[in-house]
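Taken together, the values in this text are just the output of simple stated rules run on the coordinates, not laboratory data. The shown structure was predicted, so the numbers you read here are calculated from the model rather than taken from an experiment. Neighbour counts run over all protein chains shown; Cβ positions are idealised from the backbone, glycine included.
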Amino acid sequence: MRVGMLQETGRVVVQEAPRPRPAPDEVLIRVAYAGVCGSDLHAFTGTHPFRKPPVVLGHEVSGTIAEAGAEVTGLQVGDRVTVMPYVSCGRCHYCAQGRTNICENKIVPGIGGWQGTFADLFIARADITYPLGPDTSLVQGALAEPLAVGAHAVARGGVAPGNDVLVLGGGTIGLLTGYAALRAGARSVALTDLYDYNLRVAREIGIPHAYNARSEGLEDAIRRDYPEGLDVIFLAGAAPVLVGQATRLARRGGRIVSTALFDGPVPVDVVAMTLYELELVGTQIYQATDFFRALAWLNEDGPRLERLVDHVMPLEQAHEAMTLLAERREDVVKILLQPENER
Ligand SMILES: [Zn+2]
Ligand SMILES: [Zn+2]
C-alpha cells in the first residue's frame, strides 16, 4: 500500500509501505478520504510540538472496513466508518474524571508507531471506530473529526440558547465552531477572517454576520451590530491581535475560548478580565460525546457542512496539497486526499 510520508520538513513523499495487519481489537480501514488539517500543516512546516519526520501524516479519515480483528464485535467488513483518532489510557487522573482528551498518556496517529491516514489503509482500534449515519456520505464523514473539535469548543464555552457568539478566525475549525454554536442554540453567530472567500463559506453554512478582519473599524462594526458585546468569543486563529479584540468585544461576564495554537505566550488584559468577570478557557480536541454529536449533525446536515470541502486531490498529490495550504496560492478551506483505492 501507499503512504504519504513527511520525510523531512517541507517534503511529503508518497511511497510503498507494508500492508498493516489489525490486532485482535483493531480494524483495517480502506481509506476513502483523508482530511488535511492545520496540525498536518504544522508538522509540514516544522512547527508541530511532537509530529516530527519521518511520519505518515493525517488523522482525519473516512473509509470502509477491509478487515476486522478476531475480537471485534459490532463492526463488519464493508461498514462505512470514521475514527476518533486518539487512544486514552483509562488510568490517569484525567481519564478518571472522564477528561480523556487531556489524558497524560494519549496516543495519536503519528506517534508510537500508529501510522497516519494519508494512506491506502489505516489501522484503528475498534472502540474508536464509528459507523457513519445512513445519510452521511464518505466525503461528509471525513469532516467528523474537525466538527467534533467545534462541538467540544462550544461545550467548553458553555454556549447556551440565546447567546451571541463571535468566532475570530474562519478556517475549518472556526467555521465548524460557528456551526456548532448555532446547533447549541446561539441566537446569533458572527465570524471574522482575513479572506472574503472564507466569509462567503461562513454565510453559506448559516453564519450571516461575517466581517473582513482587514477592514478598518472592524471592532466598531461588530459593536454596532452587538452593542452589549458578545457572550462567548472563540480564538480560532493564532494571531496575537485576536486576544485583545476578544477582551474588548466580550460582554461583561463573557467567556473567551482559546482553540488556536499560538506560537508562544500572548499578553492578556487581565484588568478587563477582573473588572468584567471575563473567563478565559482552553479547549483541546474532543471526547466521545463530542464525536457522537458531530456524527449526528453530519447525518442531519451533511450537504451544508460539505460546503467546506473545496479541494479533493489524489493521495499522490499529498505534497502539493500541503504546499497549497502553506502558501495559500488559491482560496482554500478544506482539502481531502483521496487514495482512489481499487474497489
Ligand atoms: Zn484535525
Ligand atoms: Zn489517561
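Each residue of the range 19-29 in order: what ³J(HN,Hα) in whole Hz does its phi give by Karplus 6.51 cos²θ - 1.76 cosθ + 1.60, θ = phi - 60°, with x for Gly and Pro?
5, x, 10, x, 5, x, 9, 10, 10, 9, 10
From the helices alone, meaning DSSP H stretches of at least four residues, give me the mean residue ellipticity at 222 nm for the chain, per-run term -39500 (n - 2.57), in deg cm²/dmol to the nearest 500. Before the final figure, lay out each step's value.
Details: 11 runs with 101 residues, N = 343.
Helices in the chain give a 222 nm mean residue ellipticity of -8500 deg cm²/dmol.
For the ranges 150-162, 265-277, 195-207, what's the packing order if you count other beta-carbon atoms within 10 Å of each residue, average per peptide, and put the highest first? All intermediate terms of the calculation are to be shown ahead of the outcome.
Values: 150-162: 21.5, 265-277: 12.0, 195-207: 18.1.
Ranking, from highest mean packing down: 150-162, 195-207, 265-277.
Each residue of the range 84-95 in turn: what ³J(HN,Hα) in whole Hz from Karplus with 6.51, -1.76, 1.60 and θ = phi - 60°, glycine and Pro shown as x?
Here the 3J(HN,Hα) series is 7, x, 7, 10, 9, 7, x, 10, 7, 3, 7, 4 Hz.
Using the eigenvalues of the Cα gyration tensor, what equivalent ellipsoid semi-axes result for the range 170-305 when each is taken as the square root of five times the eigenvalue, whole Å, largest first?
One finds semi-axes of 24, 18, 15 Å for the range 170-305.
Distance between the C-alpha centers of the range 97-114 and the range 283-317? Whole Å please.
Their Cα centres are 21 Å away from one another.
Mind checking the full-extension length gain between Q15 and E216? Use 0.36 nm per residue of separation minus the Cα-Cα distance, one decimal, nm.
67.6 nm
Using the Cα centre as the reference, give the magnitude of the dipole from point charges on the C-beta atoms of the chain (Lys, Arg: +1; Asp, Glu: -1; all else neutral), rounded to the nearest 20 debye.
Values: 31 positive and 40 negative charges, 94 e Å.
For the chain, the charge dipole is close to 460 debye.
Determine the percent antiparallel among the DSSP beta bridges restricted to the chain, to the nearest 5.
Details: 29 of 56 bridges.
Percent antiparallel among DSSP bridges in the chain is about 50.
Calculate the spin-label point distance for L194 paired with D135, positioning each point 7 Å from the Cα along the beta-carbon direction, and give it in nanometres.
Between D135 and L194, the label points sit 3.8 nm apart.
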